[in-house]
Amino acid sequence: MLKRFPIQVHKVVYPHSPHEIDELELRIGDYIYLNTDAVDNSSDGWAEGISWLTGSVGYLPVNYTERTAESDAWTLHRVVQLSKSTTPSLISAEEIDIVDGHSISIDHDEREKRLHHQNVIVALSHELIEGTSFNEESENSVDKYLRKTLKPCLDLPLVQGNHNSMPNSSQLSQPQHIQHQSECILQQETPSFEISSPHAMEVAKKRRDMEIMVEPISISTPRADDTLSINSDRSNEVTSLEASPNQSRRLYIMRHGERVDFTFGTWIPYCFDEFNNYVRKDLNMPKKLPRRQRCPDGWQNDSPLTNIGLYQAKLTGEALLECNARIDHVYCSPAYRCVQTCMSTLEGLHLRNKFKVKLEPGLFEWMAWYPDGVPDWMSKSELLDADYNIDASYQPFISDTKLNECVKETTEEFYTRNYETLRKIIETTKGNILIVAHATTLDTCTRQLIGAEPRSTNELRQVIHKIPYCSLGAVEEMENGVWKLVEPECLPVTHSKNPRFEWNVLTAT
């Protein structure tokens, strides 16, 4: 527990959803209290912290936060009058006598109004804590809430608004009209004031000297390929699968979708009866599972996808289709969750029956996580029986037997294995390649390809926490033969957590 000083205040810069019970959820707009010794002595980049918004305690990746001023997380508890003289910083003399948010010098009706006002603020604070859409707007809401709370402490001179008359926009030409709109926005954001204090007048003069001129935003017509435009025209969509000599070669590397075991925990004992028949226990679980030789034990290290995971992959495929992304070859990790993700992505691309997917064990994740050896994957015949379009004749660059020899591989050897596998895939193919594998694959396959050194174990662990389900990376070959990471054509897929609903909570009295 964080009970000793010194304490650091960190601002959340990346959201984080807990994967373990002792992890702390990070939300944009929140601040985290961290023990300085814990941060300095952490060997894996994780430390225990306390949420400013919720008060919850848990472990978090420190690199998802950045240190900020301690005053950013200060909370106003009380305002105490130090003098009986009227202070211009307060709206009225009654507001001086405030202790812990309660006025001690107002009548009953006024007290009821103040109480209602406080309830509104509490509701706003609760909304910020319980909300599921924490973004830049939510962060601004927290900032506005703090400013509103600290308003009685501000010691500003009395001011009097001065509203200037504005010309009629209908009398302006189009460029002038756009500039006029921008000027209106600026004047609304920063109104001018007549200031009675000489010192305040000097401050206002300095502020006017520091004003920044903002050019009006130019208006452009929608592009034909803009997927958000109502004028988008997809009649000229490219559907050819042949590599174009005028287009740079691209590799698309994708992580699998949401998996059942990480979503539901220990699911096998509850989803199989005494005859080893699968029984669905949640709408997000698969309706049925394919037959495999070792059932249900085979699913222990070879988890299927949830229905959300299948939909994530299909959405990504549809997005690639809308962007006219060309795919010429498809490779996949033999893990069942990757095979499912690959097929759903090809379904979204309308290419499910046009490609025979090549299963490559060399693309599998770090074998140090599998001390018992290669998981019991489904065989090619079992996948074909389950209607997966697998290339049964493909000879992998690294066989299952050879992969078993990598159980004690180091982080650097893991990077090299994935990279060498990708190198062989590139050298034996032409055109664009889609690879569906694991979170690590996005980094291990591209790191050395772009000329960088393999990461350390701690660095790899920090990176994979930023690669959620169905993340898609893209690497493009430049004219000089150098590969470079580029922004994928399609948008990422983002969604919030949806915890399990227990109907009997409604029966509680």
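The values are calculated or read from the model by the stated rules, or taken from the named source; none is laboratory data. Fair warning: this is a prediction, and the values are worked out from it, not measured in the lab. Quick reminder, even Gly has a Cβ in these numbers, built from the backbone with ideal geometry, and neighbours come from all protein chains shown.
With (1) under 30 Å from residue 26 (Cβ atoms); (2) assigned to a helix (DSSP H, G or I); (3) in contact with a Pro (Cβ under 8 Å, 6 or more places away or on another chain) as the list, and residue 447 as the residue in question, which single condition is left unmet? Here residue 447 meets the rest and fails (2). Please verify whether residue 453 is under 30 Å from the mean Cα position of the chain (by Cα), surrounded by fewer than 20 Cβ atoms within 10 Å (Cβ to Cβ), in the same structural domain as residue 317 (by TED's automatic domain parsing) and at pLDDT 95 or above, treating the condition exactly as stated. Taking the combined requirement at face value, the residue satisfies it. Among the residues of region 272-298, the ones that are free of Cβ contacts under 8 Å to residues at least 24 places away in the same chain and either of a type in the set (Lys, Arg) or closer than 25 Å to residue 312 by Cβ (or both) come to 7 in all.
Flag not set for residue 345, criterion: among the polar types (S, T, N, Q), more than 15 Å from residue 389 (Cα to Cα) and in contact with a helix residue (DSSP H, G or I) (Cβ under 7 Å, 6 or more places away or on another chain).
Residue by residue, here is whether (1) touching a residue at least 40 places away in the same chain (Cβ under 8 Å); (2) over 22 Å from residue 290 (Cβ atoms) holds:
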{"site": "319", "(1), (2)": "yes, yes"}
{"site": "324", "(1), (2)": "yes, yes"}
{"site": "342", "(1), (2)": "yes, no"}
{"site": "401", "(1), (2)": "no, yes"}
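Would region 296-306 turn up any residue that is modelled with pLDDT under 95, touching a strand residue (DSSP E or B) at 6+ places or on another chain (Cβ under 8 Å) and over 24 Å from residue 475 (Cβ atoms)? Taking every residue of region 296-306 in turn, at least one turns out to be modelled with pLDDT under 95, touching a strand residue (DSSP E or B) at 6+ places or on another chain (Cβ under 8 Å) and over 24 Å from residue 475 (Cβ atoms). Within region 429-441, is there a residue that is among the small types (Gly, Ala, Ser), assigned to a loop (DSSP other than H, G, I, E, B) and in contact with a strand residue (DSSP E or B) (Cβ under 9 Å, 6 or more places away or on another chain)? Within region 429-441, one or more residues are among the small types (Gly, Ala, Ser), assigned to a loop (DSSP other than H, G, I, E, B) and in contact with a strand residue (DSSP E or B) (Cβ under 9 Å, 6 or more places away or on another chain).
A single entry from 436, 407 fulfils the requirement of being touching a Gly at 6+ places or on another chain (Cβ under 7 Å) and closer than 28 Å to residue 263 by Cα: 407. Would you mind stating whether residue 259 is surrounded by 14 or more Cβ atoms within 10 Å (Cβ to Cβ), modelled with pLDDT of 90 or more and under 24 Å from the mean Cα position of the chain (by Cα)? Yes; evaluated as a whole, the condition is true for this residue.
Taking region 384-404 as the range and being surrounded by 13 or more Cβ atoms within 10 Å (Cβ to Cβ) and either within 33 Å of the chain's Cα centre (by Cα) or of a type in the set (D, E, K, R) (or both) as the test, the residues that pass are 385, 388, 389, 390, 391, 400, 402, 403. Can you pull out the residues in region 282-312 that are within 21 Å of residue 468 (Cα to Cα) and either of a type in the set (D, E, K, R) or not in a helix (DSSP H, G or I) (or both)? Residues satisfying the conditions are 284, 285, 286, 301, 302, 303, 304, 305, 306. Condition check for residue 426 on (1) among the hydrophobic types (A, V, I, L, M, F, W, C); (2) touching a residue at least 40 places away in the same chain (Cβ under 8 Å); (3) surrounded by 18 or more Cβ atoms within 10 Å (Cβ to Cβ); (4) more than 19 Å from residue 45 (Cβ to Cβ): one failure, at (3).
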